[in-house]
1. Working only within region 162-179, note down all residues that are over 14 Å from Val67 (Cα atoms) and either of a type in the set (Val, Ile, Thr) or surrounded by 12 or more Cβ atoms within 10 Å (Cβ to Cβ) (or both).
2. How many of the residues making up region 137-150 are surrounded by fewer than 17 Cβ atoms within 10 Å (Cβ to Cβ) and either at pLDDT below 90 or farther than 20 Å from Val67 by Cβ (or both)?
3. Do we find that Glu156 is out of contact with any strand residue (DSSP E or B) (no Cβ under 8 Å at 6 or more places or on another chain), over 19 Å from Asn69 (Cβ atoms) and in the same structural domain as Arg102 (by TED's automatic domain parsing) in this structure?
4. Mind checking which residues of region 43-71 are among the β-branched types (Val, Ile, Thr) and modelled with pLDDT of 95 or more?
5. Residue check: is Lys159 buried (at least 17 other Cβ atoms within 10 Å of the Cβ) and modelled with pLDDT of 90 or more?
Amino acid sequence: MSEEEIQEKGNLEEAEEEEKFDEDEIELEKEVDSEEGIGEEEEVMGSGETGGEKEKKRMEKKKAEAVVNIYTSFNNTLVHVTDMSGKTLSKVTGGMVTKHGRLKANPTIAMFIAKRVSEQLKEIGVGSLYFRIRAKTRNPAPGPGANAIIKSLSREGFKILNILDTTRFPRGGPKKKGGRRGRRP
């Protein structure tokens, strides 16, 4: 090999190393951008520009918040999603998902309810949720579907901000039905 061939070979190796270095820098910039929460770059037409000139702007997408009201008894499960002002965004019940009345309070059906709710919320652009769980009045625990709904929605990618139990309980109001000796079989 002559000196010219060796010199060209050395220049090629240096050029390849520089390309690798540039690619590594680009990857690092993308990682830093993703850590800072900056969204993907979008190309937007300039307002006063003519021709094919475009500006690149980095847009940060803001997700909306919603309140998920879950009412679970041992016979049914209802999910009512509202925005922060109380306007209804979605409402799904156990009867809308299954035709069997005995399955309406089942955790499996609650997962299907959550799937249907998540599809509707993703169309709207909701990303964060507040949960309000309510059981039948005087019940110590909610029905079987409440935990399944929360778990399914968190797996769908929604951020859980708060979980609140809003079950009503009487504070010494009117007398409970059933008589002095209670209900007997």
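The values are calculated or read from the model by the stated rules, or taken from the named source; none is laboratory data. This is a predicted model, so every value here is computed, not measured. In this analysis, Cβ positions are derived from the backbone assuming ideal geometry, glycine residues included, and neighbour counts consider all displayed protein chains.
1. Quick first cut of region 162-179, residues over 14 Å from Val67 (Cα atoms) only: 167-179.
Result: Thr167, single match.
2. Of region 137-150, the ones surrounded by fewer than 17 Cβ atoms within 10 Å (Cβ to Cβ) are 137-141, 147.
Next, only the ones that are either at pLDDT below 90 or farther than 20 Å from Val67 by Cβ (or both) stay: 137-141.
Selection size over region 137-150: 5.
3. Working: out of contact with any strand residue (DSSP E or B) (no Cβ under 8 Å at 6 or more places or on another chain): yes; over 19 Å from Asn69 (Cβ atoms): no; in the same structural domain as Arg102 (by TED's automatic domain parsing): yes.
Taking the combined requirement at face value, the residue does not satisfy it.
4. Narrowing region 43-71 to residues among the β-branched types (Val, Ile, Thr): 44, 50, 67-68, 70.
Val67, Val68, Ile70, listed by residue number.
5. Spelling it out, it is not the case that Lys159 is buried (at least 17 other Cβ atoms within 10 Å of the Cβ) and modelled with pLDDT of 90 or more.
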